[in-house]
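Trainee: Next up is a structure, given as C-alpha cells.
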Amino acid sequence: MKRRRQGRGDWHRLDDERLLDLRMSDLGLRIEGSPVERQVERLYRELEARGIDFRPHCWIAEEWFSADGVPGFAVPFYVFHPRLKNLQRRFMGEVEGGNARALMRILRHEAAHAIDTAYRLRRRKKWRETFGYASTPYPEYYRPRPGSRRFVQHLGNWYAQSHPTEDFAETFAVWLTPRSNWRSRYAGWPAIHKLNCVDEFMREIRGQRPVVRARHHVEPLRHARWTLREHYRRMVQHYRTDDAERMDRILGRVFTLTRSRRGQATAAQRLREELPVFRRRIARRLGASEYLVQEVVEHLIWRCYAHGLLVRDDWRISRRRVERFIMALVRRAMRNAGPKLAL
C-alpha cells in the first residue's frame, strides 16, 4: 500500500510528536497569501518611500540568511504558522521575528544585505573606510561593548558589533525605519557618520538598476527532505555550548520541574514579572546599563521557558539566588569575557 503523505494543509492538527516526524518539504508553506507577505509588501513600500526601486526577493528556508552573490534573503519556516512558532520556542527558547514588529526589524536588516549585494556596495572605498572589510572572517563568537556609541542599536545583542557586514545592515535598518528620527537620536554619536554614509549611498543608487540581478533560491524548504525532528536535533546540537549547559544546571537548582500545587507559577513568568525591578536595581548596583541587564534576564527567561521550569515554594530564596546569578552574568559581560553571544 502506498504511504499517504501527511501535510500540505492538515499538519497543524497533529500533536507535537507526530508533527516532528513530518518532512519539512511536506509543510507546503507559501509566502503568497501569508501574514509574512503583508510584511514583505510593507518593506517594499518603505523602500519605495526612500526612492529605492530595487525589491529584494525572498523565499522560505530553515533559517534567516542572505546567500553570497544573491540579492535576496531566506525567511524561516517557523514564522509562517502559530504551531510552528510554538515548536520553535519549545526547542530554541525564542522565535526570531515571532511578531509583526520583530519581523519587520529583521526584514529591514536582511534587505540591507540584499541591497549591498545587488549594488556591490561593499566594494566601495567609502564602505570599507566606514564599516571595515566585508572579507573579515565571521567569528564563532563576538564580545560586544554595550556602552559603545560607534554602533547603532536595532536588533538585540548589539548585533552591529559582530561583523562589518552586520554593522552596515543594522545601520541601514535604522536609516530605513519610518519615524526613527535617526538624525536626532544619534546626534553626537560616532555612529551618525555611518548613518550619513548609508544615506549618501542610497541617494546615489536611486534610479539605478542593480548590478547583480540573480533571482534563484538557496536551500529552499521545498528541497528539505529531513523531518522537523531531525532539524531540531541538529539545531540544538549546534547552539548548545558549555556555558549554556552550566547555565541550565544553575537554573535547575534555583527552580524546579516538579509541580507541587495548583497555580504554581512558571519560572519564566515570575522572571518576566520581576524584570523591571531586576533591571533597575542590578544596573544601579553594578554601574551597568539597564539594557545589558535586560538582555541577560530575557535570555534566562528563554532558557526557563524552554525547559518548563517552575518556581519553588519559597520564592524569596529563589529570588535571591537568581538575582545573584544575574549579577554574575552581567559582571562577566561588563568584563567582555562573556556571556559570549553566538552569531
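Trainee: Separation between the Glu298 and Gln208 pseudo-spin-labels, each 7 Å from Cα along Cα→Cβ, expressed in nm?
Mentor: So the label points at Glu298 and Gln208 sit 3.5 nm apart.
Trainee: With contacts defined as alpha carbon pairs under 8 Å and 6 or more residues apart, what's the relative contact order of segment 11-128 in percent?
Mentor: Across segment 11-128, relative contact order equals 22 percent.
Trainee: Further question: Please name whichever of His163, Phe80, Tyr186 sits farthest to the positive end of the charge dipole of segment 45-201, dipole taken about the Cα centre and charges placed at Cβ: Lys and Arg +1, Asp and Glu -1.
Mentor: Tyr186
Trainee: Same structure again: Can you check how the C-alpha radius of gyration of segment 241-342 compares to 2.2 N^0.38 Å, as a plain ratio?
Mentor: On the way: Rg = 13.3 Å, N = 102, 2.2 N^0.38 = 12.8 Å.
Segment 241-342 yields a ratio of 1.04.
Trainee: Please work out the FRET efficiency for the pair Ser260 and His81, using the Cβ-Cβ distance as r and a Förster radius of 30 Å; give the result to the nearest 0.05. Present the calculation step by step, with values, prior to reporting the outcome.
Mentor: Details: r = 35 Å, r/R0 = 1.16.
Efficiency computed from Cβ-Cβ geometry: 0.30.
Trainee: Give me the percent relative contact order of segment 241-342, please, defined on Cα pairs under 8 angstrom at least 6 residues apart.
Mentor: For segment 241-342, the relative contact order is 36 percent.
Trainee: Filter the GluC sites (Glu not before Pro) in segment 8-88 down to the DSSP loop ones having no more than 16 other Cβ atoms within 10 Å, then list what survives. Don't skip to the end; give the middle numbers.
Mentor: On the way: sites: Glu17, Glu32, Glu37, Glu41, Glu46, Glu48, Glu62, Glu63; in loops: Glu32, Glu62, Glu63.
Hits after loop and neighbour filter: Glu32, Glu63.
Trainee: Let me ask something else about it. I'd like the trypsin sites (Lys or Arg not before Pro) in segment 166-251 restricted to DSSP loop residues with at most 12 other Cβ atoms within 10 Å, sorted by number.
Mentor: Arg179, Arg206, Arg213, Arg215, Arg225, Arg240
Trainee: Also, I was wondering about something else. Calculate the spin-label point distance for Asp314 paired with Phe65, positioning each point 7 Å from the Cα along the beta-carbon direction, and give it in nanometres.
Mentor: 4.9 nm
Trainee: On the principal axes of its Cα set, how long, how wide and how thick is segment 11-205? Give whole Å, largest value first.
Mentor: That works out to 53, 37, 31 Å along the principal axes.
Trainee: Let me know the charge dipole size of the chain about its Cα centre in debye, to the nearest 20, where only the beta-carbon of Lys, Arg (+1) and Asp, Glu (-1) is charged.
Mentor: Working: 71 positive and 41 negative charges, 147 e Å.
Approximately 700 debye in magnitude.
Trainee: With all distinct Cα pairs included, what does the Kirkwood hydrodynamic radius of segment 131-212 come out to in Å, to one decimal, could you say?
Mentor: On the way: mean 1/r = 0.0734 Å⁻¹.
About 13.6 Å, per the Kirkwood formula over Cα pairs.
Trainee: Taking 0.36 nm per residue of sequence separation and subtracting the Cα-Cα distance, how much length would be gained by fully extending the chain between Asp21 and Arg222, in nm to one decimal?
Mentor: Values: separation 201, 0.36 × 201 = 72.36 nm, distance 1.60 nm.
Length gained, Asp21 through Arg222: 70.8 nm.
Trainee: Straight-line reach from Lys125: which aspartates and glutamates fall under 15 Å, measuring Cα to Cα and dropping same-chain residues less than 8 apart?
Mentor: The qualifying aspartates and glutamates are Asp116, Glu200, Glu204.
Every number here is computed from the coordinates shown, using simple stated rules; none is lab data. In this text the structure is predicted, and so the values were computed from the model without any measurement. Don't worry about glycine lacking a Cβ; one is built from the backbone with ideal geometry, like all the others, and counts go over all protein chains shown.
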